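Written out below as structure tokens is the structure these notes cover.
The values are calculated or read from the model by the stated rules, or taken from the named source; none is laboratory data. Since the model is a prediction, treat every value here as computed from it, not as a measurement. We place every Cβ from the backbone using ideal geometry, glycine too, and count neighbours over all the protein chains shown.
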Amino acid sequence: MRYYLYKFSMFGITLVMVSLIIFFVFQLLPGNPAQIILGLDADEQQVRHLEQELGLDKPAIERYIDWIAGVFQGDLGESLRYQLPVSEVLADRIPVTTSIAILATVLTVVIGIPLGILIARTDGKIISVFLSMITQLGISIPSFWFGFMLILLFSVTLNWVTSFEYVSWSDDFFGALRSHFLPSLSIAISNIAIVIRYLRNTILDQRKMDYVRTATCKGLSERAVLYGHVLKNALIPVITIMGLITADTLGGSIIIENVFALPGLGSLLIQSITSRDFPLVQSMVLYIAVIVLVINFTVDLLYKLIDPRIRQKG
Amino acid sequence: MAPLLSVQALDVAFQLPEGEFLALENISFHIYPNEVVGIVGESGCGKSLTSQAIMGILPGVASIKHGNISFQGCSLNDLSSREWQELRGNELTMIFQEPMTSLNPVLTIGRQIAEVLKKHTSLSKIERKQQVIKTMNEVGLPRAEALWKAYPHQLSGGMRQRVSIAMALISRPKLMIADEPTTALDVTIQSQILDLFQTIKQNHSTSLLFISHDLGVIQAVCDQVIVMYAGRIVEQGKVEKLISEPKHPYTQSLIQSIPDATKRGQRLYTIPGTVPHLQERQVGCPFSNRCTYKLKQCETSFPDTYEFDDGHTVACHLFAKEGDGN
Ligand SMILES: Nc1ncnc2c1ncn2[C@@H]1O[C@H](COP(=O)(O)OP(=O)(O)OP(=O)(O)O)[C@@H](O)[C@H]1O
Ligand SMILES: [Mg+2]
């Protein structure tokens, strides 16, 4: 119980720090939002007027407090560019990025973990060297390249997918699955390669441990030692990597969203920064911070679940 | 009576980047049913390697070059991995030195002990648990029911070592190998564990190969002792005989370094010099550079083995009879 109280207060403190940093960093950015909205040829009078309307003439501290107070009441402010409540703009974009991220994470786990085990099992054989080379490529090639190649393969060569228009889940489930699959796969490929290499290394490290020798001396087969003893120990550090990967994809990928013309958070972030849409940018960064914190918390919980040594300390 | 385990002229070599090195040379000994045999020698003498060769768990860079190990009359040299699995943990079991690391940190104690029965018997889950709890009580683990669900980090070193002993004992093995089972423990716990081995010896019809660098510990539990030095057996015999009438100068030094109440207050004797490393071993007797009785032939040839009454043997040039001349 003390543990959760502690976690929760750390959660709060981190969020306040993050919000302060985002708010004041954006104050330092050059460019006046009112000017940008009205265009460069607007006269001073109009700009003043709009600034007043948007509350931009108040001191920074006051605006920060207004913003935070709003956030606590569920009011994230209004987007300067879209002239809509920020929450509405985000509500449109978050499901897109989140479903891509979930699909990418599922692909990473479902493909990465079995292949990691396979590579570790074949360690020392030719096939393992070959697989290692492939994973090395997977890590070093950027995801947008996979995006282009997948588009080429599926639309130009195979002619399976004809357009890359975004289809939402409520419109057409299979259409949505199709439009989500390739971007998720492009994001997942390098993550899969990372998980494979990481898991292989942790398995090989764990194999040298004394408890493995004990298990062998009980008469267990190599397979039983791997699945019954080594794997659980080897997966513990992989959880951390998975947490990092998931948090990263949940924030949206600017490049992949552009390649596949997806209306997600990544492209929104870029647009709102260039148009100095501060209320929107602030809320997005805050959202990403919350995601990272929630993921870290989940990773902690998983650790406690799987590792009895940590469970004890709680 | 036929021996349970026979090791005959065993050579084990390491394949290292610098070349091939013999780590064990011409190791021969027998273990009879119900007998407790000790192996003693300083660090690096090849005690663990001998036990690994018997269990078939030599490190990847080591292999048997020559000789034979047979268990219950059947050679272990070319067992299939399936046959090894049948044997290990069942008729042939092992206890390791490191109680901190030799148990799996993420599995419960109960599961780790019961696993042996799961592998080697057809008992039901409930029967397995009953058997485990019985064995846990037998090895002096109190409140076995509660410990069943505990994890290794919740136990003290002594208790973990009792868990290892329970794992090795539960299948009623023919031969248990214990590699320095008390070395990592503090003195009071050490003597409790030695007492436990005494009890096991009385209550079970199992043979025991007990490895230690401490002749005092060996004296407490063993019937027969093998003294090893730099990969060779230099002396072997009945424990009382070997301690009262040690032949080999190395055995004499080991005896001098046993801590003993009558010598309290004096500085403990330590043998000057160290065991030569694997790569530095040369022809001749490896102990010769530390030996106060060194003869000139000690540097050029390894001595033959000379036998005294009651199977007491020694490999030392001091015991060469006239006319043996080499
Ligand atoms: N993996 C290895 N690679 C190279 N040499 C090794 C390896 N394992 C053991 N040796 C060498 O083999 C020899 C015998 O080692 P062994 O572990 O059997 O000694 P020991 O008598 O059990 O000593 P200790 O009391 O330290 O356990 C030593 O000289 C050691 O340096
Ligand atoms: Mg050893």
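Sort through A:ASP300, A:ASP307 and tell me the only one that's within 14 Å of another protein chain (Cβ to nearest Cβ) and either out of contact with any Ser or Thr (no Cβ under 6 Å at 6 or more places or on another chain) or free of Cβ contacts under 8 Å to residues at least 24 places away in the same chain (or both).
On the way: A:ASP300 fails: within 14 Å of another protein chain (Cβ to nearest Cβ).
When all the criteria are applied, what remains is A:ASP307.
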(request) Working carefully through the options B:PHE210, B:PHE197, find the one that is surrounded by fewer than 24 Cβ atoms within 10 Å (Cβ to Cβ), more than 27 Å from B:SER288 (Cβ to Cβ), of a type outside the set (D, E, K, R) and under 14 Å from the mean Cα position of the chain (by Cα). (result) B:PHE197
(request) Test each condition in (1) within 14 Å of chain B (Cβ to nearest Cβ); (2) under 30 Å from A:PHE24 (Cβ atoms) for A:LEU280 and report the one that comes out false. (result) (1)
(request) Among residues belonging to the stretch A:193-206 that are in contact (Cβ under 8 Å) with a residue 40 or more places away in the chain and under 21 Å from A:ARG309 (Cβ atoms), point out the one that is farthest from the other protein chains (Cβ to nearest Cβ). (result) A:TYR198
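Looking at B:ALA23, B:ALA53 in this structure, which one is near ligand 1 (Cβ under 10 Å from one of its atoms), surrounded by 21 or more Cβ atoms within 10 Å (Cβ to Cβ), among the small types (Gly, Ala, Ser) and within 12 Å of the chain's Cα centre (by Cα)?
B:ALA53
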(request) Please specify each residue of the stretch A:216-251 satisfying the condition of being within 12 Å of another protein chain (Cβ to nearest Cβ), without any contact (Cβ under 8 Å) to a residue 12 or more places away in the chain and not small (Gly, Ala, Ser). (result) A:THR216, A:CYS217, A:LYS218, A:LEU220, A:GLU222, A:ARG223
(request) Could you tell me which numbered condition B:THR121 fails, if it satisfies all but one of (1) closer than 24 Å to B:MET55 by Cβ; (2) surrounded by fewer than 21 Cβ atoms within 10 Å (Cβ to Cβ); (3) at the interface with another protein chain (Cβ under 10 Å from one of its Cβ atoms)? (result) (3)
(request) Read through the list (1) of a type outside the set (D, E, K, R); (2) touching a Ser or Thr at 6+ places or on another chain (Cβ under 8 Å); (3) touching a residue at least 60 places away in the same chain (Cβ under 8 Å), then give the number of the only condition that A:GLN271 fails. (result) (2)
(request) Please work out if B:ILE113 is facing another protein chain (nearest Cβ under 10 Å), crowded, with 20+ Cβ neighbours inside 10 Å and of a type in the set (Val, Ile, Thr). (result) yes
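Yes or no, residue by residue, for (1) charged (D, E, K, R); (2) closer than 26 Å to B:ARG88 by Cα:
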{"residue": "B:VAL163", "(1), (2)": "no, yes"}
{"residue": "B:MET176", "(1), (2)": "no, yes"}
{"residue": "B:ASP179", "(1), (2)": "yes, yes"}
{"residue": "B:LEU194", "(1), (2)": "no, yes"}
{"residue": "B:HIS204", "(1), (2)": "no, yes"}
{"residue": "B:LEU209", "(1), (2)": "no, yes"}
{"residue": "B:ALA220", "(1), (2)": "no, no"}
{"residue": "B:GLY237", "(1), (2)": "no, no"}
(request) Say whether the condition of being within 16 Å of ligand 2 (Cβ to nearest atom), within 14 Å of chain A (Cβ to nearest Cβ) and either within 27 Å of B:ARG82 (Cβ to Cβ) or touching a strand residue (DSSP E or B) at 6+ places or on another chain (Cβ under 8 Å) (or both) is met by at least one residue in the stretch B:36-50. (result) yes
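Based on this model, can you work out whether A:LEU153 counts as modelled with pLDDT under 90 and of a type outside the set (D, E, K, R)?
The answer is yes for A:LEU153.
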(message) Can you confirm whether A:GLU88 is closer than 20 Å to A:SER275 by Cα, in a helix (DSSP H, G or I) and not aromatic (Phe, Trp, Tyr)?
(response) yes
(message) Under 8 Å between Cβ atoms, which residue pairs at least 6 apart in sequence (or on different chains) link something in the stretch B:44-72 that is assigned by TED's automatic domain parsing to the domain that holds B:PRO17 and among the β-branched types (Val, Ile, Thr) with a partner that is in a loop (DSSP other than H, G, I, E, B) and away from ligand 1 (no atom under 14 Å from the Cβ)?
(response) B:ILE54/B:LEU76; B:ILE64/B:ASN77; B:ILE69/B:LEU76; B:ILE69/B:ASN77
(request) Show the residue pairs that are 6+ apart or on different chains and have beta-carbon atoms under 7 Å apart, the first residue being within the stretch B:273-284 and outside any loop (DSSP other than H, G, I, E, B), the second being surrounded by 11 or more Cβ atoms within 10 Å (Cβ to Cβ). (result) B:LEU278/B:PHE14; B:LEU278/B:PHE21; B:LEU278/B:ALA23; B:GLN279/B:PHE21
(request) Look through B:PHE14, B:PHE96 and report the one residue that is within 11 Å of chain A (Cβ to nearest Cβ), within 16 Å of ligand 2 (Cβ to nearest atom) and buried (at least 17 other Cβ atoms within 10 Å of the Cβ). (result) B:PHE96
(message) I'd like to check something: does the stretch A:261-272 contain any residue that is surrounded by fewer than 21 Cβ atoms within 10 Å (Cβ to Cβ) and within 14 Å of chain B (Cβ to nearest Cβ)?
(response) no
(request) Report those helices (runs of 4 or more DSSP H) wholly inside the stretch B:135-219 carrying at least 2 residues which are closer than 21 Å to A:TYR211 by Cβ and within 16 Å of ligand 2 (Cβ to nearest atom). (result) B:157-169
